[in-house]
Each structure stands twice: as C-alpha cells, then as structure tokens.
Amino acid sequence: MKEKILAAFENLGFNLEDNESLGYHFYYEGINFLYMYNEDDEDFLNISVPGIYDLEEDNKEGYNALKEKINSSLKYVKAYTLGKGLWLFYERDLLGNEDLEEVIRHMILHLAAALMFARDSIEKIDNGESDESSDNDNND
C-alpha cells in the first residue's frame, strides 16, 4: 500500500522527501506537510502539518483554547500536541477501493484550510481578542 500511496503523491505532482524518523515531507502552497507511514497498519493514511503553534509558559491558556477550538469546530482535522508544539492531523482508514489521488487531494486541502483557520485564531489570541464566535463552516 505504501508504494501505491507514494505513487499517488507523485501523480499529483508532489516531491516527497524521505525523513527516516518521521515519514515523508512535502510542500503545498508553502505549507510543510508530513506523510507518516505506519508499517504496522498499511491501511492507515496519516498526513499532518507539523508545529503550527509552540507551547510556551506564557501562552498555555491560548494554546489550549486553540487546540479545543480546532478539535470542536473542524471536520476531519484534529490538533494534537507533539513535543512542545501543536500539530494538525488528518487520519483515515483506507478500504482498498478508493481513488488515492482524490483521497490525498481532499486531505491536503482540508489540512490547508485548517491551518488558515488556526492562523486566524492564533492572530486573535496573540492580539488578546475574544474568539467566542463560531467558525463551524470554515472547513465544509
């Protein structure tokens, strides 16, 4: 399955670079993405946007609010802390009959939209603005 996934990325025009410890990274619209291959589960497809926001001593409240907002507002994409940074993930099970190029395209576009959503929220957090409004339709 890994070879099929890599071929689909190539067919879409992505140049994946092997990062032996994490997976394969690539860029789309200036965004660094990471395809993380799981040898124990070949049918698990995981694409992430690493390190979108750093956790620091003085931003814990805003960091946690951002993480909660992403996880409660957006479809398909979830935010997790890895190390001391917030990452975006889109994970899915492959059933074997999907058009991998279409699946990957969909995943990348949703992650890119989620990053724009997160950046807007980060700007509000950094400016001390209240971010109480609902943004549920940003990722439809």
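Here the calculated FRET efficiency for Asn127 and Asn19, from their Cβ-Cβ distance with R0 = 41 Å, stands at 0.75, rounded to the nearest 0.05.
Local charge sum around Gly13 (other residues, Cβ-Cβ under 14 Å, Lys/Arg +1, Asp/Glu -1)? Around Gly13, the charge tally is -2. Across the chain, Cα pairs under 8 Å and at least six residues apart give a relative contact order of 21 percent.
With no solvent and one point on each alpha carbon, what is the Debye value of log10 I(q)/I(0) for the chain at q = 0.09, 0.11 Å⁻¹? Relative scattering, expressed as log10 I(q)/I(0), comes to -0.29, -0.42.
Figure note: Glu42, Glu57 ranked by solvent-accessible area, largest first, 1.4 Å probe, ligands and nucleic acids not counted: Glu57, Glu42.
Each Lys or Arg adds one and each Asp or Glu takes one away; over the other residues whose Cβ falls under 12 Å from the Cβ of Glu101, this sums to -2.
Using the Cβ-Cβ distance between Leu95 and Asp54 with R0 set to 25 Å, the FRET efficiency works out to roughly 0.10.
Average accessible surface for the range 49-112: 54 Å² per residue, computed with a 1.4 Å probe over protein heavy atoms with every protein chain in place. The angle between the Cα long axis of helix 2-11 and the main principal axis of the chain comes to about 80°, on a 0 to 90 degree scale.
The values are calculated or read from the model by the stated rules, or taken from the named source; none is laboratory data. This is a predicted model, so every value here is computed, not measured. In this analysis, Cβ positions are derived from the backbone assuming ideal geometry, glycine residues included, and neighbour counts consider all displayed protein chains. Surface areas here come from the heavy atoms of the whole protein model, side chains and all, with no ligands, DNA or RNA. Shrake-Rupley method; radii C 1.70, N 1.55, O 1.52, S 1.80 Å.
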